[in-house]
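For reference, the structure is listed below as C-alpha coordinates.
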Amino acid sequence: MPSRRPPWTFGVRPDDQAPADADRLLVWLARRQWRTLVAGACFGIPWMLSVALVPAAVGRAVDAGIVARDGRALVLWSLAVVGLGLVSAAAGNGRHWFAVKNWLTAAFRAGVVADRAVRRSGPALTRTMPAGEVLASFTSDFGRMGHSFDVLARFMGAVASFVVVAVILLRGSLLLGMVMLVGGPLLVASLAFVMKPLQRRQSAQREEAGRLTALGADTVAGLRVLRGIGGEDSFLHRYREQSQTVRRAGVRVAGTQATLDAAQVLLPGIFVLVVTGVGANLAVNGEISPGQLVAYYGYTAFLTIPLQTAVEMADKLITTRVAARRIARILATDPDHPELPARGWTPPDAVLTDPTSGVTAEPGVLTALVGARPEETAAVAARLGRTLPGRHGVTWGATVLDDLPLADVRARILVSQADPRLFSGPLRRELGGADDDQRLAAVAVADADDALAAVDEGLDGEVEERGRSLSGGQRQRIVLARALLRDPDVLVLVEPTSAVDAHTEARIAVRLAEHRKGRTTVVVTASPLLLDHADVVHLVEGGRVVATGTHRELSRSHPAYHAVVVRGEED
(Lines give C-alpha, C1' and ligand atoms only; values in the text may rest on other atoms or scores of the structure.)
Protein backbone atom coordinates (compact mmCIF):
# COMPACT_ATOMS: atom_id res chain seq x y z
CA MET A 1 0.00 0.00 0.00
CA PRO A 2 1.29 3.53 -0.73
CA SER A 3 2.39 5.42 2.34
CA ARG A 4 0.19 8.24 3.50
CA ARG A 5 1.46 11.55 4.83
CA PRO A 6 0.61 12.25 8.46
CA PRO A 7 -2.55 14.40 8.70
CA TRP A 8 -0.71 17.07 10.67
CA THR A 9 1.44 17.91 7.61
CA PHE A 10 -1.67 19.31 5.85
CA GLY A 11 -0.56 18.00 2.48
CA VAL A 12 2.92 19.54 2.61
CA ARG A 13 5.37 17.15 0.98
CA PRO A 14 8.85 16.73 2.49
CA ASP A 15 10.42 18.27 -0.63
CA ASP A 16 8.06 21.27 -0.76
CA GLN A 17 9.90 24.58 -0.60
CA ALA A 18 7.75 27.50 0.51
CA PRO A 19 8.92 30.85 -0.96
CA ALA A 20 10.67 33.21 1.44
CA ASP A 21 8.61 36.21 0.33
CA ALA A 22 5.40 37.41 1.99
CA ASP A 23 3.23 37.81 -1.12
CA ARG A 24 4.56 34.69 -2.84
CA LEU A 25 4.07 32.73 0.37
CA LEU A 26 0.38 33.70 0.43
CA VAL A 27 0.01 32.65 -3.20
CA TRP A 28 1.83 29.38 -2.42
CA LEU A 29 -0.58 28.64 0.42
CA ALA A 30 -3.61 29.52 -1.74
CA ARG A 31 -2.49 27.14 -4.51
CA ARG A 32 -2.26 24.27 -2.08
CA GLN A 33 -5.81 24.68 -0.86
CA TRP A 34 -7.46 25.98 -4.00
CA ARG A 35 -10.11 23.27 -3.86
CA THR A 36 -11.45 24.34 -0.48
CA LEU A 37 -11.12 28.01 -1.48
CA VAL A 38 -13.22 27.35 -4.60
CA ALA A 39 -15.69 25.31 -2.53
CA GLY A 40 -16.00 28.19 -0.08
CA ALA A 41 -16.63 30.59 -2.96
CA CYS A 42 -19.27 28.21 -4.36
CA PHE A 43 -21.14 28.61 -1.09
CA GLY A 44 -20.22 32.25 -0.44
CA ILE A 45 -21.48 33.56 -3.79
CA PRO A 46 -24.97 31.93 -3.57
CA TRP A 47 -25.19 33.01 0.06
CA MET A 48 -24.56 36.67 -0.74
CA LEU A 49 -26.59 36.60 -3.97
CA SER A 50 -29.62 35.11 -2.22
CA VAL A 51 -29.54 38.02 0.22
CA ALA A 52 -28.99 40.54 -2.62
CA LEU A 53 -31.99 39.26 -4.61
CA VAL A 54 -34.46 39.53 -1.73
CA PRO A 55 -35.14 43.26 -2.44
CA ALA A 56 -35.86 42.40 -6.09
CA ALA A 57 -38.37 39.73 -5.05
CA VAL A 58 -39.99 42.09 -2.55
CA GLY A 59 -40.22 44.82 -5.21
CA ARG A 60 -41.88 42.42 -7.62
CA ALA A 61 -44.32 41.37 -4.91
CA VAL A 62 -45.26 45.03 -4.40
CA ASP A 63 -45.69 45.83 -8.10
CA ALA A 64 -47.14 42.54 -9.36
CA GLY A 65 -49.07 41.60 -6.24
CA ILE A 66 -50.07 44.60 -4.13
CA VAL A 67 -50.24 47.41 -6.72
CA ALA A 68 -51.78 45.13 -9.39
CA ARG A 69 -54.05 43.46 -6.77
CA ASP A 70 -53.00 40.01 -7.96
CA GLY A 71 -53.13 37.55 -5.03
CA ARG A 72 -51.55 34.71 -6.97
CA ALA A 73 -48.53 36.85 -7.95
CA LEU A 74 -48.22 38.05 -4.36
CA VAL A 75 -48.10 34.47 -3.07
CA LEU A 76 -45.60 33.40 -5.72
CA TRP A 77 -43.22 36.26 -5.02
CA SER A 78 -43.64 35.75 -1.29
CA LEU A 79 -42.63 32.11 -1.77
CA ALA A 80 -39.66 33.33 -3.77
CA VAL A 81 -38.57 35.43 -0.78
CA VAL A 82 -38.92 32.36 1.47
CA GLY A 83 -36.93 30.28 -1.02
CA LEU A 84 -34.14 32.85 -1.11
CA GLY A 85 -34.07 32.77 2.68
CA LEU A 86 -33.70 28.99 2.68
CA VAL A 87 -30.90 29.17 0.10
CA SER A 88 -29.19 31.83 2.20
CA ALA A 89 -29.39 29.65 5.33
CA ALA A 90 -28.08 26.51 3.62
CA ALA A 91 -25.32 28.30 1.70
CA GLY A 92 -24.37 30.29 4.82
CA ASN A 93 -23.72 27.07 6.76
CA GLY A 94 -21.49 25.69 4.01
CA ARG A 95 -19.68 29.01 3.60
CA HIS A 96 -18.94 29.19 7.31
CA TRP A 97 -17.70 25.59 7.41
CA PHE A 98 -15.27 26.18 4.54
CA ALA A 99 -14.23 29.56 5.97
CA VAL A 100 -13.10 27.92 9.22
CA LYS A 101 -11.45 25.07 7.32
CA ASN A 102 -9.55 27.46 5.04
CA TRP A 103 -8.47 29.57 8.00
CA LEU A 104 -7.15 26.61 10.02
CA THR A 105 -5.56 24.88 7.02
CA ALA A 106 -3.65 27.99 5.97
CA ALA A 107 -2.53 28.68 9.54
CA PHE A 108 -1.35 25.14 10.25
CA ARG A 109 0.22 24.67 6.83
CA ALA A 110 2.25 27.82 7.41
CA GLY A 111 3.20 26.36 10.78
CA VAL A 112 4.37 23.11 9.17
CA VAL A 113 6.64 24.81 6.63
CA ALA A 114 8.01 27.18 9.28
CA ASP A 115 8.68 24.27 11.64
CA ARG A 116 10.59 22.48 8.92
CA ALA A 117 12.53 25.67 8.18
CA VAL A 118 13.45 25.96 11.87
CA ARG A 119 14.68 22.38 11.99
CA ARG A 120 16.49 22.74 8.67
CA SER A 121 18.27 25.99 9.56
CA GLY A 122 19.16 24.87 13.09
CA PRO A 123 21.45 27.23 15.04
CA ALA A 124 21.75 29.53 12.00
CA LEU A 125 18.23 30.77 12.73
CA THR A 126 18.97 32.07 16.22
CA ARG A 127 22.07 33.81 14.88
CA THR A 128 19.86 35.58 12.34
CA MET A 129 16.94 36.52 14.59
CA PRO A 130 16.38 36.30 18.34
CA ALA A 131 14.75 33.16 19.70
CA GLY A 132 12.01 35.32 21.23
CA GLU A 133 10.96 36.57 17.79
CA VAL A 134 10.79 33.01 16.49
CA LEU A 135 8.64 32.12 19.49
CA ALA A 136 6.39 35.14 18.84
CA SER A 137 5.84 33.95 15.26
CA PHE A 138 4.74 30.54 16.46
CA THR A 139 2.40 31.99 19.08
CA SER A 140 0.71 34.74 17.07
CA ASP A 141 1.64 34.95 13.39
CA PHE A 142 0.29 31.58 12.27
CA GLY A 143 -3.23 32.35 13.48
CA ARG A 144 -3.17 35.59 11.49
CA MET A 145 -1.99 33.78 8.36
CA GLY A 146 -5.47 32.30 7.93
CA HIS A 147 -7.44 35.54 8.30
CA SER A 148 -7.49 36.41 4.57
CA PHE A 149 -8.48 32.84 3.68
CA ASP A 150 -11.33 33.05 6.17
CA VAL A 151 -12.80 36.20 4.57
CA LEU A 152 -12.12 35.18 0.96
CA ALA A 153 -15.42 33.29 0.41
CA ARG A 154 -17.45 36.23 1.70
CA PHE A 155 -15.36 38.64 -0.39
CA MET A 156 -16.04 36.63 -3.55
CA GLY A 157 -19.74 36.68 -2.72
CA ALA A 158 -19.56 40.43 -2.08
CA VAL A 159 -17.96 41.10 -5.48
CA ALA A 160 -20.48 38.90 -7.31
CA SER A 161 -23.48 40.39 -5.49
CA PHE A 162 -22.20 43.94 -6.05
CA VAL A 163 -21.97 43.33 -9.81
CA VAL A 164 -25.43 41.72 -9.94
CA VAL A 165 -27.06 44.58 -8.02
CA ALA A 166 -25.28 47.12 -10.22
CA VAL A 167 -26.62 45.40 -13.35
CA ILE A 168 -30.15 45.36 -11.91
CA LEU A 169 -29.93 49.05 -11.08
CA LEU A 170 -28.56 49.86 -14.54
CA ARG A 171 -31.51 48.14 -16.15
CA GLY A 172 -33.94 50.15 -14.02
CA SER A 173 -32.05 53.46 -13.94
CA LEU A 174 -28.85 54.39 -15.69
CA LEU A 175 -28.11 57.04 -13.07
CA LEU A 176 -28.44 54.64 -10.11
CA GLY A 177 -26.40 52.00 -11.88
CA MET A 178 -23.56 54.44 -12.56
CA VAL A 179 -23.64 55.62 -8.93
CA MET A 180 -23.21 51.98 -7.89
CA LEU A 181 -20.48 51.07 -10.37
CA VAL A 182 -18.43 54.20 -9.78
CA GLY A 183 -19.15 55.07 -6.16
CA GLY A 184 -18.57 51.62 -4.65
CA PRO A 185 -15.02 51.09 -5.96
CA LEU A 186 -14.12 54.70 -5.14
CA LEU A 187 -15.18 54.20 -1.53
CA VAL A 188 -13.05 51.09 -1.19
CA ALA A 189 -10.09 52.72 -2.94
CA SER A 190 -10.27 55.69 -0.57
CA LEU A 191 -9.39 53.36 2.28
CA ALA A 192 -5.85 53.08 0.89
CA PHE A 193 -5.08 56.31 2.76
CA VAL A 194 -5.74 54.39 6.00
CA MET A 195 -4.47 50.93 5.05
CA LYS A 196 -0.89 51.89 4.23
CA PRO A 197 -0.26 53.63 7.58
CA LEU A 198 -2.05 50.75 9.33
CA GLN A 199 0.24 48.17 7.72
CA ARG A 200 3.33 50.22 8.62
CA ARG A 201 2.24 50.65 12.23
CA GLN A 202 1.24 47.01 12.59
CA SER A 203 4.71 45.97 11.38
CA ALA A 204 6.36 48.31 13.87
CA GLN A 205 4.15 47.07 16.71
CA ARG A 206 4.94 43.46 15.75
CA GLU A 207 8.68 44.21 15.81
CA GLU A 208 8.48 45.74 19.27
CA ALA A 209 6.34 42.85 20.55
CA GLY A 210 8.96 40.40 19.26
CA ARG A 211 11.70 42.27 21.12
CA LEU A 212 9.60 42.17 24.28
CA THR A 213 9.09 38.42 23.93
CA ALA A 214 12.82 37.91 23.37
CA LEU A 215 13.66 40.02 26.42
CA GLY A 216 11.18 38.10 28.55
CA ALA A 217 12.54 34.74 27.38
CA ASP A 218 16.12 35.81 28.10
CA THR A 219 15.14 37.07 31.54
CA VAL A 220 13.36 33.86 32.49
CA ALA A 221 16.22 31.72 31.16
CA GLY A 222 18.76 33.64 33.24
CA LEU A 223 16.64 34.13 36.33
CA ARG A 224 18.93 32.16 38.61
CA VAL A 225 21.96 34.14 37.47
CA LEU A 226 20.07 37.41 37.86
CA ARG A 227 19.13 36.58 41.41
CA GLY A 228 22.68 35.52 42.16
CA ILE A 229 24.15 38.86 41.09
CA GLY A 230 21.21 41.00 42.20
CA GLY A 231 20.29 42.06 38.67
CA GLU A 232 16.52 41.67 38.89
CA ASP A 233 15.89 45.43 39.13
CA SER A 234 18.00 46.15 36.06
CA PHE A 235 16.17 43.63 33.92
CA LEU A 236 12.82 44.70 35.36
CA HIS A 237 13.60 48.25 34.27
CA ARG A 238 14.51 47.09 30.77
CA TYR A 239 11.37 44.99 30.52
CA ARG A 240 9.21 47.88 31.76
CA GLU A 241 10.69 50.25 29.17
CA GLN A 242 10.19 47.77 26.32
CA SER A 243 6.66 47.03 27.52
CA GLN A 244 5.86 50.74 27.36
CA THR A 245 7.32 50.88 23.85
CA VAL A 246 5.00 48.05 22.80
CA ARG A 247 2.07 49.83 24.46
CA ARG A 248 2.79 53.06 22.59
CA ALA A 249 3.11 51.18 19.31
CA GLY A 250 -0.19 49.43 20.06
CA VAL A 251 -1.89 52.78 20.74
CA ARG A 252 -0.69 54.06 17.37
CA VAL A 253 -2.08 50.94 15.71
CA ALA A 254 -5.36 51.31 17.61
CA GLY A 255 -5.87 54.86 16.38
CA THR A 256 -5.46 53.87 12.74
CA GLN A 257 -7.49 50.69 13.26
CA ALA A 258 -10.30 52.72 14.83
CA THR A 259 -10.31 55.01 11.77
CA LEU A 260 -10.62 51.97 9.51
CA ASP A 261 -13.39 50.47 11.65
CA ALA A 262 -15.26 53.78 11.61
CA ALA A 263 -14.87 53.96 7.84
CA GLN A 264 -16.49 50.52 7.57
CA VAL A 265 -19.69 52.07 8.93
CA LEU A 266 -19.46 55.69 7.78
CA LEU A 267 -18.59 55.25 4.11
CA PRO A 268 -21.22 52.58 3.32
CA GLY A 269 -23.73 54.70 5.28
CA ILE A 270 -23.00 57.74 3.13
CA PHE A 271 -23.29 55.56 0.05
CA VAL A 272 -26.67 54.27 1.19
CA LEU A 273 -27.92 57.83 1.73
CA VAL A 274 -26.82 58.88 -1.76
CA VAL A 275 -28.45 55.89 -3.49
CA THR A 276 -31.63 56.24 -1.42
CA GLY A 277 -31.87 59.95 -2.14
CA VAL A 278 -31.40 59.45 -5.89
CA GLY A 279 -33.95 56.62 -5.91
CA ALA A 280 -36.53 58.63 -3.97
CA ASN A 281 -36.16 61.55 -6.39
CA LEU A 282 -36.68 59.20 -9.34
CA ALA A 283 -39.79 57.74 -7.70
CA VAL A 284 -41.26 61.21 -7.07
CA ASN A 285 -40.68 62.10 -10.71
CA GLY A 286 -42.40 58.89 -11.78
CA GLU A 287 -39.34 57.43 -13.43
CA ILE A 288 -39.46 54.26 -11.29
CA SER A 289 -42.37 52.34 -9.78
CA PRO A 290 -43.17 52.05 -6.05
CA GLY A 291 -41.95 48.46 -6.12
CA GLN A 292 -38.66 49.53 -7.67
CA LEU A 293 -38.28 52.19 -4.97
CA VAL A 294 -38.77 49.53 -2.29
CA ALA A 295 -36.30 47.28 -4.08
CA TYR A 296 -33.74 50.08 -4.42
CA TYR A 297 -33.99 50.90 -0.75
CA GLY A 298 -33.43 47.20 0.01
CA TYR A 299 -30.41 47.23 -2.30
CA THR A 300 -28.88 50.21 -0.54
CA ALA A 301 -29.42 48.56 2.84
CA PHE A 302 -27.84 45.38 1.50
CA LEU A 303 -24.89 47.19 -0.04
CA THR A 304 -23.44 47.87 3.40
CA ILE A 305 -22.65 44.14 3.62
CA PRO A 306 -20.44 43.77 0.50
CA LEU A 307 -18.78 47.12 1.12
CA GLN A 308 -17.98 46.26 4.73
CA THR A 309 -16.76 42.83 3.57
CA ALA A 310 -14.43 44.48 1.06
CA VAL A 311 -13.03 46.72 3.79
CA GLU A 312 -12.64 43.74 6.12
CA MET A 313 -10.83 41.81 3.38
CA ALA A 314 -8.37 44.67 2.98
CA ASP A 315 -7.87 44.86 6.75
CA LYS A 316 -7.28 41.11 7.07
CA LEU A 317 -4.94 41.14 4.09
CA ILE A 318 -2.81 43.76 5.83
CA THR A 319 -2.67 41.65 9.00
CA THR A 320 -1.85 38.53 7.01
CA ARG A 321 0.94 40.21 5.04
CA VAL A 322 2.53 41.51 8.25
CA ALA A 323 2.50 37.96 9.67
CA ALA A 324 3.74 36.51 6.37
CA ARG A 325 6.74 38.83 6.41
CA ARG A 326 7.75 37.49 9.81
CA ILE A 327 7.38 33.89 8.69
CA ALA A 328 9.24 34.63 5.46
CA ARG A 329 12.23 35.71 7.55
CA ILE A 330 12.30 32.24 9.08
CA LEU A 331 11.98 30.59 5.66
CA ALA A 332 14.76 32.77 4.25
CA THR A 333 17.35 31.61 6.80
CA ASP A 334 19.92 29.38 5.13
CA PRO A 335 21.24 26.44 7.14
CA ASP A 336 24.89 26.20 8.06
CA HIS A 337 25.30 23.22 5.76
CA PRO A 338 23.62 22.43 2.41
CA GLU A 339 21.01 19.70 2.47
CA LEU A 340 21.97 16.46 0.75
CA PRO A 341 19.89 13.28 0.64
CA ALA A 342 20.93 10.56 3.09
CA ARG A 343 22.77 7.75 1.33
CA GLY A 344 23.25 5.10 4.01
CA TRP A 345 26.94 5.81 4.35
CA THR A 346 28.98 3.30 6.40
CA PRO A 347 31.60 4.96 8.60
CA PRO A 348 35.16 3.69 8.20
CA ASP A 349 37.21 2.18 11.00
CA ALA A 350 39.68 5.02 10.65
CA VAL A 351 41.08 8.15 12.28
CA LEU A 352 38.90 11.23 12.68
CA THR A 353 41.12 14.25 11.94
CA ASP A 354 40.65 17.99 12.36
CA PRO A 355 43.27 19.65 10.09
CA THR A 356 42.67 23.09 11.58
CA SER A 357 43.96 22.05 15.01
CA GLY A 358 45.80 18.85 14.20
CA VAL A 359 43.62 16.87 16.63
CA THR A 360 43.20 13.19 15.78
CA ALA A 361 40.79 10.69 17.31
CA GLU A 362 41.90 7.10 16.83
CA PRO A 363 39.14 4.48 16.38
CA GLY A 364 38.16 2.74 19.60
CA VAL A 365 40.24 5.14 21.72
CA LEU A 366 39.21 7.56 24.47
CA THR A 367 40.82 10.85 23.43
CA ALA A 368 40.89 13.94 25.66
CA LEU A 369 41.40 17.60 24.65
CA VAL A 370 42.90 20.07 27.11
CA GLY A 371 43.41 23.79 26.64
CA ALA A 372 43.92 26.92 28.71
CA ARG A 373 41.14 28.55 26.68
CA PRO A 374 37.99 26.38 26.78
CA GLU A 375 36.55 28.07 23.66
CA GLU A 376 39.42 26.69 21.57
CA THR A 377 38.88 23.06 22.57
CA ALA A 378 35.10 23.50 22.29
CA ALA A 379 35.61 24.74 18.71
CA VAL A 380 37.63 21.61 17.94
CA ALA A 381 34.79 19.46 19.27
CA ALA A 382 32.28 21.41 17.17
CA ARG A 383 34.36 20.89 14.02
CA LEU A 384 34.69 17.16 14.70
CA GLY A 385 30.90 16.93 14.93
CA ARG A 386 30.31 19.39 12.05
CA THR A 387 28.19 21.72 14.17
CA LEU A 388 29.96 24.90 13.02
CA PRO A 389 28.97 26.72 9.81
CA GLY A 390 31.16 26.46 6.74
CA ARG A 391 33.65 23.87 5.52
CA HIS A 392 36.50 22.85 7.82
CA GLY A 393 37.96 19.81 6.04
CA VAL A 394 37.51 17.33 8.90
CA THR A 395 38.17 13.82 7.59
CA TRP A 396 37.16 10.39 8.72
CA GLY A 397 39.72 8.20 7.05
CA ALA A 398 39.57 9.21 3.38
CA THR A 399 36.08 10.71 3.72
CA VAL A 400 35.60 14.47 4.10
CA LEU A 401 32.72 15.14 6.48
CA ASP A 402 31.75 18.31 4.60
CA ASP A 403 30.87 16.20 1.56
CA LEU A 404 28.51 13.91 3.47
CA PRO A 405 24.77 14.46 4.00
CA LEU A 406 24.31 16.11 7.38
CA ALA A 407 21.82 13.41 8.41
CA ASP A 408 24.54 10.75 7.98
CA VAL A 409 26.99 12.75 10.09
CA ARG A 410 24.42 13.34 12.85
CA ALA A 411 23.58 9.62 12.89
CA ARG A 412 27.25 8.68 13.38
CA ILE A 413 28.78 11.51 15.44
CA LEU A 414 27.14 12.99 18.53
CA VAL A 415 28.39 16.18 20.17
CA SER A 416 27.09 16.73 23.70
CA GLN A 417 27.63 20.41 24.52
CA ALA A 418 28.66 21.83 27.87
CA ASP A 419 25.32 23.58 28.39
CA PRO A 420 22.82 20.81 29.12
CA ARG A 421 19.40 21.12 27.46
CA LEU A 422 16.38 19.22 28.70
CA PHE A 423 12.85 19.38 27.35
CA SER A 424 9.65 18.95 29.29
CA GLY A 425 8.00 15.54 29.13
CA PRO A 426 8.37 12.00 30.47
CA LEU A 427 11.89 11.22 31.65
CA ARG A 428 11.76 7.90 29.79
CA ARG A 429 11.21 9.72 26.50
CA GLU A 430 13.79 12.36 27.37
CA LEU A 431 16.48 9.72 27.86
CA GLY A 432 15.62 7.66 24.81
CA GLY A 433 17.01 4.14 24.51
CA ALA A 434 15.38 0.86 23.59
CA ASP A 435 14.26 -0.38 27.01
CA ASP A 436 14.38 0.47 30.70
CA ASP A 437 17.34 -1.82 31.36
CA GLN A 438 19.46 0.23 28.95
CA ARG A 439 18.19 3.47 30.45
CA LEU A 440 19.03 2.40 33.98
CA ALA A 441 22.47 1.19 32.87
CA ALA A 442 23.21 4.59 31.28
CA VAL A 443 21.95 6.36 34.40
CA ALA A 444 24.33 4.25 36.47
CA VAL A 445 27.30 5.10 34.21
CA ALA A 446 26.47 8.80 34.55
CA ASP A 447 26.03 8.32 38.33
CA ALA A 448 22.61 9.99 37.95
CA ASP A 449 20.66 7.80 40.37
CA ASP A 450 19.97 10.80 42.59
CA ALA A 451 18.66 12.75 39.57
CA LEU A 452 16.36 9.84 38.75
CA ALA A 453 15.15 9.80 42.35
CA ALA A 454 14.53 13.56 42.23
CA VAL A 455 11.90 13.07 39.52
CA ASP A 456 8.56 11.97 40.92
CA GLU A 457 7.73 8.44 39.68
CA GLY A 458 11.23 7.97 38.25
CA LEU A 459 11.27 7.07 34.57
CA ASP A 460 7.51 7.52 34.44
CA GLY A 461 7.77 11.02 35.89
CA GLU A 462 7.63 14.34 34.07
CA VAL A 463 10.70 16.51 33.58
CA GLU A 464 9.86 20.18 33.95
CA GLU A 465 10.81 22.68 31.26
CA ARG A 466 14.62 22.96 30.93
CA GLY A 467 14.82 20.51 33.86
CA ARG A 468 14.49 23.43 36.28
CA SER A 469 13.46 21.15 39.14
CA LEU A 470 16.90 19.49 38.96
CA SER A 471 20.23 20.92 40.05
CA GLY A 472 22.88 21.84 37.49
CA GLY A 473 24.86 18.68 38.23
CA GLN A 474 21.76 16.48 37.97
CA ARG A 475 20.81 17.99 34.61
CA GLN A 476 24.35 17.49 33.36
CA ARG A 477 24.35 13.82 34.32
CA ILE A 478 20.92 13.20 32.78
CA VAL A 479 22.24 14.72 29.56
CA LEU A 480 25.32 12.47 29.77
CA ALA A 481 23.09 9.41 30.20
CA ARG A 482 21.03 10.52 27.20
CA ALA A 483 24.18 10.82 25.08
CA LEU A 484 25.38 7.39 26.14
CA LEU A 485 22.04 5.85 25.19
CA ARG A 486 22.42 7.15 21.66
CA ASP A 487 25.52 4.92 21.40
CA PRO A 488 27.02 6.76 18.39
CA ASP A 489 30.10 5.63 16.48
CA VAL A 490 31.87 8.76 17.74
CA LEU A 491 30.83 10.44 20.99
CA VAL A 492 32.16 13.94 21.66
CA LEU A 493 31.60 15.19 25.22
CA VAL A 494 32.31 18.83 26.11
CA GLU A 495 32.94 19.35 29.83
CA PRO A 496 30.59 16.50 30.85
CA THR A 497 31.42 16.74 34.59
CA SER A 498 31.99 20.45 35.15
CA ALA A 499 29.00 20.77 37.51
CA VAL A 500 29.60 17.72 39.76
CA ASP A 501 31.73 17.17 42.85
CA ALA A 502 35.05 15.30 42.80
CA HIS A 503 33.69 12.04 44.24
CA THR A 504 30.93 11.85 41.66
CA GLU A 505 33.36 12.82 38.91
CA ALA A 506 35.72 10.01 39.91
CA ARG A 507 32.93 7.43 39.65
CA ILE A 508 31.83 8.80 36.28
CA ALA A 509 35.39 8.71 34.94
CA VAL A 510 35.83 5.01 35.76
CA ARG A 511 32.40 3.98 34.45
CA LEU A 512 32.58 6.11 31.31
CA ALA A 513 35.94 4.66 30.27
CA GLU A 514 34.63 1.13 30.82
CA HIS A 515 31.30 1.78 29.08
CA ARG A 516 32.90 3.30 25.95
CA LYS A 517 35.79 0.84 25.78
CA GLY A 518 36.49 -0.10 22.17
CA ARG A 519 34.45 2.84 20.77
CA THR A 520 35.69 6.22 19.64
CA THR A 521 35.19 8.88 22.32
CA VAL A 522 36.47 12.45 22.55
CA VAL A 523 36.24 14.34 25.86
CA VAL A 524 36.94 18.05 26.23
CA THR A 525 37.97 18.55 29.85
CA ALA A 526 40.62 19.86 32.22
CA SER A 527 39.67 17.43 34.98
CA PRO A 528 42.60 15.21 36.02
CA LEU A 529 40.12 12.54 37.11
CA LEU A 530 38.81 12.17 33.57
CA LEU A 531 42.17 12.78 31.93
CA ASP A 532 43.75 9.95 33.91
CA HIS A 533 41.40 7.47 32.19
CA ALA A 534 41.99 8.82 28.67
CA ASP A 535 44.11 6.75 26.30
CA VAL A 536 45.43 9.85 24.50
CA VAL A 537 45.51 13.49 25.59
CA HIS A 538 46.04 16.45 23.22
CA LEU A 539 47.12 19.81 24.63
CA VAL A 540 45.73 22.65 22.51
CA GLU A 541 47.26 26.14 22.54
CA GLY A 542 46.33 28.88 20.11
CA GLY A 543 43.95 26.50 18.39
CA ARG A 544 46.68 23.95 17.57
CA VAL A 545 47.91 20.74 19.17
CA VAL A 546 51.25 21.43 20.87
CA ALA A 547 51.69 18.18 22.80
CA THR A 548 50.27 14.65 22.80
CA GLY A 549 50.60 11.84 25.30
CA THR A 550 48.98 10.33 28.33
CA HIS A 551 47.88 12.37 31.30
CA ARG A 552 50.77 11.20 33.45
CA GLU A 553 53.35 11.75 30.70
CA LEU A 554 52.22 15.30 29.98
CA SER A 555 51.95 16.14 33.66
CA ARG A 556 55.63 15.27 34.09
CA SER A 557 57.05 16.63 30.86
CA HIS A 558 54.97 19.66 29.87
CA PRO A 559 54.74 22.65 32.27
CA ALA A 560 51.91 24.31 30.33
CA TYR A 561 49.80 21.17 30.56
CA HIS A 562 50.58 20.85 34.26
CA ALA A 563 49.49 24.48 34.82
CA VAL A 564 46.16 23.95 33.04
CA VAL A 565 45.37 20.70 34.84
CA VAL A 566 46.40 21.97 38.26
CA ARG A 567 44.24 25.03 37.76
CA GLY A 568 41.35 22.78 36.79
CA GLU A 569 41.97 20.66 39.86
CA GLU A 570 41.93 23.73 42.09
CA ASP A 571 38.71 24.96 40.48
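Some values worked out for this structure:
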| quantity | calculated |
| --- | --- |
| Test result for V87, farther than 30 Å from T139 by Cα, among the hydrophobic types (A, V, I, L, M, F, W, C), at pLDDT 85 or above and surrounded by fewer than 17 Cβ atoms within 10 Å (Cβ to Cβ) | yes |
| Near pairs, Cβ below 7 angstrom, 6+ apart or cross-chain, from segment 397-422 (among the basic types (K, R)) to any residue that is buried (at least 18 other Cβ atoms within 10 Å of the Cβ) | R412/P347; R412/P488; R412/V490 |
| Qualifying positions in segment 84-99 - under 13 Å from A52 (Cα atoms) and without any contact (Cβ under 8 Å) to a residue 40 or more places away in the chain | L84, G85 |
| Selection from segment 398-435 of residues that are outside any strand (DSSP E or B) and loosely packed, with under 13 Cβ neighbours inside 10 Å | A398, D403, D419, R421, F423, S424, R429, A434, D435 |
| Top-ranked residue in segment 14-45 [being open to solvent by 100 Å² or more (accessible area, probe 1.4 Å) and over 23 Å from A323 (Cβ atoms); ranked as modelled with the highest pLDDT] | R35 |
| Residue ID - nearest to G371 (Cα to Cα), chosen from residues in segment 508-534 that are open to solvent by 20 Å² or more (accessible area, probe 1.4 Å) and among the charged types (D, E, K, R) | D532 |
| Among the candidates V537, V500, V565, V546, residue that is surrounded by 16 or more Cβ atoms within 10 Å (Cβ to Cβ) and either modelled with pLDDT of 90 or more or among the hydroxyl-bearing types (S, T, Y) (or both) | V537 |
| Count - residues of segment 90-107 that are over 15 Å from S148 (Cβ atoms) and either open to solvent by 40 Å² or more (accessible area, probe 1.4 Å) or touching a strand residue (DSSP E or B) at 6+ places or on another chain (Cβ under 6 Å) (or both) | 4 |
| Test for T356: is it closer than 30 Å to M129 by Cα, open to solvent by less than 40 Å² (accessible area, probe 1.4 Å) and either of a type outside the set (A, V, I, L, M, F, W, C) or modelled with pLDDT of 80 or more (or both) | no |
| All helices (runs of 4 or more DSSP H) inside segment 81-173 with 3 or more residues being within 21 Å of W28 (Cα to Cα) | 142-145, 147-172 |
| Evaluation of R373 against (1) open to solvent by 40 Å² or more (accessible area, probe 1.4 Å); (2) at pLDDT 95 or above (one fails), failing number | (2) |
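The values are calculated or read from the model by the stated rules, or taken from the named source; none is laboratory data. Computed from a prediction, not measured in an experiment: that's the story for all the values here. Cβ atoms come from the backbone with ideal geometry, glycine included; neighbour counts cover every protein chain shown. Surface accessibility is based on the protein's heavy atoms, side chains included, excluding ligands, DNA and RNA. Shrake-Rupley method; radii C 1.70, N 1.55, O 1.52, S 1.80 Å.
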